[in-house]
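The values are calculated or read from the model by the stated rules, or taken from the named source; none is laboratory data. Computed from a predicted structure; not experimentally measured. Backbone-built Cβ (ideal geometry, glycine too); neighbour counts: all protein chains shown. With ligands, DNA and RNA removed, areas are computed over all heavy atoms of the protein, side chains included. Shrake-Rupley method; radii C 1.70, N 1.55, O 1.52, S 1.80 Å.
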Amino acid sequence: MIKENPLRRQSSLNPSAPKLLQFLFLLYIFVKPFYIFESGSFQPGDIVFVACFFVFLYYIGEGNLLNSKFDYILVAFVMWVFIVNFVYFSLYRQTEFIMSTLYYIFNLALVFVARFLLLDKSFLRKLFWTCRISLYLQIVIYFLRLGKYYIDENGVTDRYLGTFNDPNQLAFYMFCLLMVMYMVEMIHGVNCRVNLIDYAAFVFILYLTASTGMLLAFAIFVALYVVLLLVSPLFEVNSDRKRKLLFALLGLAIIVAVYLIFRKEISVFFQKSELFSRLLEKETLSASTSRSEISGTSIWQDRNIDKVYIYPQYNIFGAGQGYFERFWQAHSSGEIHSTLLSILFCYGIVPTFLFLYWIWTNIRHSTVYYFPVFIALAVESITLLNQRQPLFWLMFMLAYTYRVMEDRRYEDAVYS
């Protein structure tokens with residue numbers, strides 16, 4: 001018999017979560033973008049989360065770590081990751097395999113803590129405002145000239161990376177902040193609203209980072225959201241949400257009108273930007289799936305995805321996540337920059353299925369308004385490695401939160 005867990009007792013009664021636990025988790029989200037050491041190493045924000053996790057362990061006492069039975073799927077996935085990486089570490093004695101395992105264990109711990117906290121509507125409001133403040137903080141850092149710029153073999157570029165070590169990291173973090181705010185807004189009773197200034201703040205940073213992947217993700221999100229707005233009268237019955245959708249359509253109409261009026265000026269400004277240059281570069285990379293005189297390097301080689309089809313046997317049982325110098329036939333020895341394909345190549349078919357099944361158990365039965373978020377994230381994840389980022393996991397759990405809070409039929413998904 002499982003001993004009564006104070007955290008689970010609180011979640012069933014739905015009062016506020018322990019204040020110290022809330023504070024440390026939100027502080028982690030806030031401090032996360034401040035990179036002092038090189039990417040892949042322990043950052044100041046990670047230290048904050050370790051403290052947060054120890055507080056969580058103190059509160060649960062001898063209770064069960066899992067507040068959702070679905071997370072046993074994720075535990076099985078991480079155990080498989082541990083086994084595969086340990087086997088290859090034993091063979092090659094490369095610490096990269098150990099570090100790769102620690103990333104997943106770290107995010108599993110984050111899931112344990114977040115799963116409980118996200119069931120508290122007062123915490124969701126605090127999370128919304130933490131994301132909004134973090135969004136605007138990066139704007140302030142830019143105008144105070146405290147941010148950094150990307151440096152390549154030719155020197156300093158125009159690509160802004162703020163407090164991160166890579167412009168794509170900054171763009172993904174800002175995108176996730178916006179999407180978390182959007183998802184929290186959809187949960188009834190939280191009473192938080194994303195406005196056009198929030199979207200404009202993200203677009204401004206996106207322009208500075210010149211991240212083509214995040215531009216594609218945001219374009220997909222906006223396009224699908226507009227489609228939802230247009231068809232929503234067919235299924236939407238909530239008058240408050242209808243009013244909100246009407247204001248959103250009005251905002252979009254204003255944006256389109258501004259573009260049509262100043263189309264020439266906007267076009268000239270955009271063509272002089274680093275983002276436009278990178279779009280042309282990506283179009284060239286996509287010209288073929290192999291080396292050619294036109295493209296030089298394909299998009300698959302550029303993102304190190306070519307290992308997946310050059311060494312297909314590892315897609316079955318996994319190659320481990322580290323020591324990629326083994327794969328000398330590939331274009332480079334870099335890590336695969338694709339979320340799902342990286343998991344498939346490094347750990348094989350079974351863990352990939354577990355990973356996808358965990359995602360599915362979280363997002364099913366939520367709301368059609370989350371559809372643009374997850375489609376955009378799925379497309380963007382084809383060419384970017386996102387599973388190490390905490391907000392990546394948080395978005396799936398928010399879908400589960402919506403499911404529990406909005407539909408009493410699924411209340412048994414949470415232990416009580």
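Among residues other than V308 with Cβ under 15 Å from its Cβ, the summed charge is 0 (Lys and Arg +1, Asp and Glu -1). Couplings for segment 146-157, taken from phi via the Karplus curve 6.51 cos²θ - 1.76 cosθ + 1.60 with θ = phi - 60°, read 9, x, 10, 10, 5, 10, 10, 5, 9, x, 6, 9 Hz in order; Gly and Pro are left as x.
Taking every protein chain into account, the 1.4 Å probe leaves I220 with about 30 Å² of accessible area, to the nearest ten. Under a 5 Å amide H cut-off, with hydrogens placed 1.01 Å from N, G162 pairs with K148 among residues at least 5 apart or on other chains. Once backbone amide H atoms are built at 1.01 Å from N, S298 has R291 as its partners under 5 Å, excluding neighbours fewer than 5 places away on the same chain. L341 sits with roughly 50 Å² accessible to a 1.4 Å probe, with DNA, RNA and ligands left out of the calculation. The distance linking segment 313-368 with segment 195-220 is 27 Å (Cα centroid to Cα centroid, whole angstrom). Annotation: segment 144-192 has a Kirkwood hydrodynamic radius of 12.7 angstrom, from the mean reciprocal C-alpha pair distance. In the assembled protein chains, F86 presents an accessible area of approximately 110 Å² (probe radius 1.4 Å). Close amide-amide hydrogen proximity is noted between G320 and Y347, each under 5 Å apart and 5 or more residues distant or on a separate chain (H modeled in the peptide plane; Pro and chain starts excluded). Net charge of the neighbourhood of F53, taken over other residues with C-beta under 14 Å away and scored Lys/Arg +1, Asp/Glu -1, is 0. Applying 0.36 nm per residue to the separation of L356 and S333 and subtracting their alpha-carbon distance, the gain on full extension is 5.6 nm. Using DSSP to call loops (not H, G, I, E or B), can you name the trypsin sites (Lys or Arg not before Pro) in segment 308-416 whose Cβ has at most 11 other Cβ atoms within 10 angstrom? Those that pass, being in a loop and sparsely packed, are R364. For segment 89-161 and segment 23-52, write down the distance between their C-alpha centroids in whole Å. Result: 7 Å between the Cα centres.
Of the residues K307, K19, K69, ranked by 1.4 Å probe accessible area with the largest first, the sequence reads K19, K69, K307.
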